[in-house]
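> So that we are looking at the same thing, I have put the structure below in structure tokens.
Any read-out appearing in this document is the output of simple, stated calculations on the displayed coordinates, not a laboratory observation. Everything numeric here is computed off the predicted structure, so don't read it as measured data. Cβ placement follows ideal geometry from the backbone for every residue including glycine, while neighbour counts extend to all protein chains displayed.
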Amino acid sequence: MFYREAGDFSTTYTQDSQTFPIAFDRYRYYFVLAVAFLVIPFIINDYWANAVLLPFLIYAIAAIGLNILTGYCGQVSLGTGGFMAVGAYACYKFMTGMDIYLMGADGEWVRYALPPINIFFSVILAGLVTAFVGLLFGLPSLRIKGFYLAVATLAAQFFLVWLFNKWSWTYNYSASGQINAPTRGVLGYEVTGPTAEPWAAYLFCLVFVVALAWIARNLTRGSVGRRWMAIRDMDIAAEIIGVNPLGAKLSAFAVSSFFVGVAGALFFSVYLGAVEVGEAFGIQKSFLVLFMIIIGGLGSIFGSFAGAAFMVLLPVLLKNILVGGLGWPTDLAAHIEFIIVGALIVIFLIAEPHGLAQLWRLAKEKLRLWPFPY
Amino acid sequence: MPEQLLFAMEVTLNGLMAGVLYALVALGFVLIFKASGIFNYAQGVMALFAALTLVGIMDGQVPFAHLINAVFGTEVHHFGWHVPAVLAIVFTMILMIIFAWAVNYFVLRHLVNQEPIILFMATIGLAYFLEGFGDIMWGADIKKLDVGLPQGINLWIDETTFNAFGYGFFIDNLDMVATVIAALLVTALVVFSQYTKQGRALRAVADDHQAALSVGISLNFIWVLVWSVAGFVALVAGIMWGAKSGVQFSLSLIALKALPVLMLGGFTSIPGAIVGGLIIGVGEKLFEFLLGPALGGATENWFAYVLALLFLVFRPQGLFGEKIIERV
């Protein structure tokens, strides 16, 4: 009744192939954007920003990134945490000013000191660096498939975390081995550092989320995305019909790593502010993002958002109910969270392998006919 | 003999012993993979769960004490008795069999004919579930596991080698026991799969599900059986690792190392698991010994994975694995 497509007529091809062909969907999308940009910044407070909104936005980027690789291109990766670490450390180096040593003409090492780069461009550059690293670790995917590849990506996870622990240049030789985000701003408003206002940090992340989600949506429904999906469905068959597996797989790794790297950079600079690599970007993070896309829906941009929201909200909710409501100890709540998450993964894989996104699709189908199902 | 060479030999020996422990975990993976084509990520957590349960039963802990105390406001922790190790192992084994049945009944039955990668992710969920469950049941603190295995330096080897080379080798008794037990376990598994009716049925299922079904082998039974055997292997591995480094969460991460072991050895080969384990064990110890100081140490964290990664690029099916044939 409310959600319907009657009366929506496409008169041009452009109209027919737009992202939201149904008018109601389109208005809902504009409405969500309007609320996100025009309402939430005015009512946001510290708790909501740090407990819910910032992690949701940042994980949504990471989940979209992993979804491109796993959901669209079919290459399971357990190295997300490692790639997020690359993004975080690259961002740190760019925003604090990087020393680069290059071989000069006379064979001497010459030191070039880059000036500190604006945080906005630091994040993007960090994404590019991560894309390059992802490309390197994606090379074996041409020979290795399925869960062999999943295990091979563990190499990236463990190697990268180890690297950022040992290579003191990456954390500017600080004694603690941590990296701390200095105060940086965009257009005069602080977005990182302890004094940043929650609304500024929120808007900064939101801009990235909207831009990247838009890019991802358009990549995946274009020829690049169709190539990825062909590889996912059956790589040999895809090769026979003329999809270049080298190009398709490596582009998926690069694009996915770019997203994950941006997420890592934001996670460090805007959300956490201080990072110890093993703790923040360990193997648990890789699984967390993987769970987001399984629960949210493999091969769906909306699913990435739904999964991220679910996995961010679940611990908050459980903590409020179990610790706040029933007065149980926090470690018990954490264990119960493990059980629930594990059980949910299994349940979703059994009952609804396409995740929350599929439930959403079904709900829309039902709503089109509601309340007169015949 | 020069000091360095002797030292390298000692490192190699220790690496071999560590490799045996990796191989123990890897065995469980291979068993399940051969019988059902499922790559069971939860094997490591099963080892942790088995070890936790064993300690819990031996110490007479009240299961779910933490939860009970939180819900009812009581203060129960221990029954106040101690169960002998042998009896506790039997109880733990029974629990692992129940777990195997539950996994089959609640999870695998519903996922028949799904893609391998979906099953793999389901076992990741299973691993999470089991981890939380184990922690709630027995508490998450680090526990000491002592089932009466000898531990510490083997003085006899130390003395003999000192007299022979002027340098005493440090070999842990526990590692030697582990080697013996691993050898026994593999022998037992081979005998089981070659000479018993169930073992032959298991191999038949591994060969071809449908053909096995058509000659009257119950797939459900075989899967419960194989998960139980894997549970048993996990229990043995859990005892060994637990005695070595305490029963704690990191046990499930150490078990992750079994994955590169498998990739080296090939997923379908029991000898492959052993050889892969030894290669990884020796490789990472020697690498740390030779290049660790130059690279800043702790290379053991990633060496196994990178080695497996590089190896797979040249031989995707592993050392002993069956050739992967893909058709459209």
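> Which Cα, out of A:A265, A:W48, A:I68, lies furthest along the positive dipole direction of region A:48-280 (beta carbon charges, K/R +1, D/E -1)?
The listed residue farthest towards the positive side: A:I68.
> In debye, nearest 20, what is the charge dipole magnitude of region B:3-314 about its Cα centre with +1 on Lys and Arg Cβ and -1 on Asp and Glu Cβ, if you could check? Don't skip to the answer; put the middle values down first.
Details: 10 positive and 18 negative charges, 192 e Å.
So the dipole magnitude of region B:3-314 works out to roughly 920 debye.
> Something else about it: To the nearest 20 debye, what is the magnitude of the charge dipole of the protein assembly as shown about its Cα centre, counting +1 on the Cβ of each Lys and Arg and -1 on the Cβ of each Asp and Glu?
The dipole of the protein assembly as shown has a size of about 1820 debye.
> Here's another thing I want to ask about it. Nearest 20 debye, what's the magnitude of the dipole of region A:48-280 about its Cα centre given +1 on Lys and Arg Cβ and -1 on Asp and Glu Cβ?
Numbers: 12 positive and 10 negative charges, 125 e Å.
With only Lys, Arg, Asp and Glu charged at Cβ, the dipole is about 600 debye.
> Now, a different point. Return a whole-number percent for the relative contact order of region B:82-198, with Cα pairs under 8 Å and 6 or more residues apart as the contact set.
It comes to 14 percent, rounded to a whole number.
> May I pose another question? 222 nm [θ] for chain B, helices only, -39500 (n - 2.57) per DSSP H run of 4+, per residue, to 500?
Calculated at 222 nm, the ellipticity per residue is -23500 deg cm²/dmol.
> If we count other beta carbons within 10 Å of each Cβ, what is the order of A:V262, A:V210, A:V76, fewest first?
The fewest-first ordering by Cβ neighbours comes to A:V210, A:V76, A:V262.
> Explain nothing, just compute: Karplus ³J(HN,Hα) = 6.51 cos²θ - 1.76 cosθ + 1.60, θ = phi - 60°, for every residue of region A:16-21 in order, whole Hz, x for Gly and Pro.
Once θ is set to phi - 60°, the couplings for region A:16-21 become 5, 9, 6, 4, 10, x Hz.
> Specify whether the C-alpha gyration tensor of chain B places it in the rounded, prolate or oblate class, a ≥ b ≥ c being the square roots of the eigenvalues: rounded for a/c under 1.5, otherwise prolate if a/b is larger than b/c and oblate if not.
Details: a/c = 1.74, a/b = 1.14, b/c = 1.53.
Oblate is the answer for chain B, as a/c is 1.5 or above yet b/c matches or exceeds a/b.
> May I ask you to sort B:M263, A:M103 by Cβ crowding, counting other Cβ atoms within 10 Å and putting the fewest first?
Fewest-to-most Cβ neighbours within 10 Å comes out as A:M103, B:M263.
> In whole Å, what is the distance between the alpha-carbon centres of region B:167-246 and region A:244-270?
40
> I need the phi-derived Karplus couplings for region A:42-48: 6.51 cos²θ - 1.76 cosθ + 1.60, θ = phi - 60°, integer Hz, Gly and Pro marked x.
Rounded to whole hertz, the list is 8, 10, 5, 10, 4, 4, 5.
> A further question follows. Taking the simple approach of a point 7 Å from Cα along Cα-to-Cβ for both A:V32 and B:F314, what is their distance in nm?
Spacing of the two 7 Å Cα→Cβ label points: 5.0 nm.
> Where the eigenvalues come from the Cα gyration tensor of the protein assembly as shown, what are the semi-axes √(5λ) of the equivalent ellipsoid, largest first, in whole Å?
For the protein assembly as shown, the semi-axes come out at 43, 32, 27 Å.
> Around B:T268, which amide H atoms from residues at least 5 apart in sequence, or from another chain, sit under 5 Å from its own amide H, with H modelled in the peptide plane?
The list, which skips near neighbours in sequence, is B:E322.
> Which one, B:S250, A:W370, A:I283, projects farthest toward the positive side of the charge dipole computed for the protein assembly as shown from Cβ point charges (K/R +1, D/E -1)?
A:W370
> Among the listed pairs A:K249/B:K257; A:K249/A:K364; A:K285/A:K319; B:K34/B:K323, give every one whose C-alpha distance is greater than 23 Å.
A:K249/B:K257; A:K249/A:K364
> A follow-up question, please. Can you work out the FRET efficiency for the pair A:N45 and A:L314, with r the C-beta to C-beta distance and R0 = 22 Å, to the nearest 0.05? Don't skip to the end; give the middle numbers.
Numbers: r = 21 Å, r/R0 = 0.97.
According to the calculation, E is roughly 0.55.
> Bin width 10 Å, alpha-carbon pairs only: give the P(r) of region B:211-303 as whole percents, running from 0 to the bin holding the largest distance.
All Cα pairs considered, the percentages come to 14, 32, 33, 13, 6, 2.
> With a/c under 1.5 counting as rounded, go ahead and sort region B:37-90 into rounded, prolate or oblate using the C-alpha gyration tensor (a ≥ b ≥ c being the square roots of the eigenvalues; past the cut-off, prolate if a/b is larger than b/c, else oblate).
Oblate, because a/c is 1.5 or more while a/b does not exceed b/c.
> Rounded to the nearest 10 degrees, what's the angle between the helix A:355-369 long axis and the longest principal axis of chain A, both from Cα atoms, 0 to 90?
The answer is roughly 30 degrees.
> A further question on this structure: Just tell me how shielded B:290-297 is by partners: mean number of partner chain Cβ atoms within 10 Å of each residue's Cβ, no decimals.
2
> Fewest first, what order do B:F169, A:F94 take by the number of other Cβ atoms within 10 Å?
Final ranking by Cβ density, sparse to dense: B:F169, A:F94.
> Moving on. If you count, for every residue in A:287-297, the Cβ atoms of partner chains within 10 Å of its Cβ, what is the mean?
Values: counts 5, 0, 0, 2, 4, 0, 1, 5, 1, 0, 0.
Average per residue, whole number: 2.
> Let me ask another. Between A:T12 and A:L367, take the C-beta separation as r, use R0 = 25 Å, and let me know the FRET efficiency to the nearest 0.05.
Working: r = 27 Å, r/R0 = 1.08.
FRET efficiency, A:T12 to A:L367: 0.40.
> Per-residue ellipticity at 222 nm for chain A, helices alone: DSSP H runs ≥ 4 residues times -39500 (n - 2.57), over residue total, nearest 500 deg cm²/dmol? Walk me through the intermediate numbers first.
Working: 16 runs with 226 residues, N = 374.
The helix contribution divided over chain A gives -19500 deg cm²/dmol.
> With axes computed from alpha carbons, what is the tilt in degrees of helix A:146-166 against the longest principal axis of chain A, rounded to the nearest 10 within 0 to 90?
In chain A, helix A:146-166 runs at an angle near 40 degrees to the longest axis.
> From the backbone phi of region A:24-36, what are the Karplus-calculated ³J(HN,Hα) couplings (6.51 cos²θ - 1.76 cosθ + 1.60, θ = phi - 60°) in whole Hz, Gly and Pro given as x?
For region A:24-36, the Karplus-derived couplings read 4, 4, 5, 5, 4, 4, 4, 5, 4, 4, 4, 4, 5 Hz, x marking Gly and Pro.
> Using modelled amide H (1.01 Å from N, peptide plane; none on Pro or chain starts), what sits under 5 Å from the amide H of B:L145, excluding residues fewer than 5 places away?
For B:L145, the qualifying residues are B:G246, B:V247.
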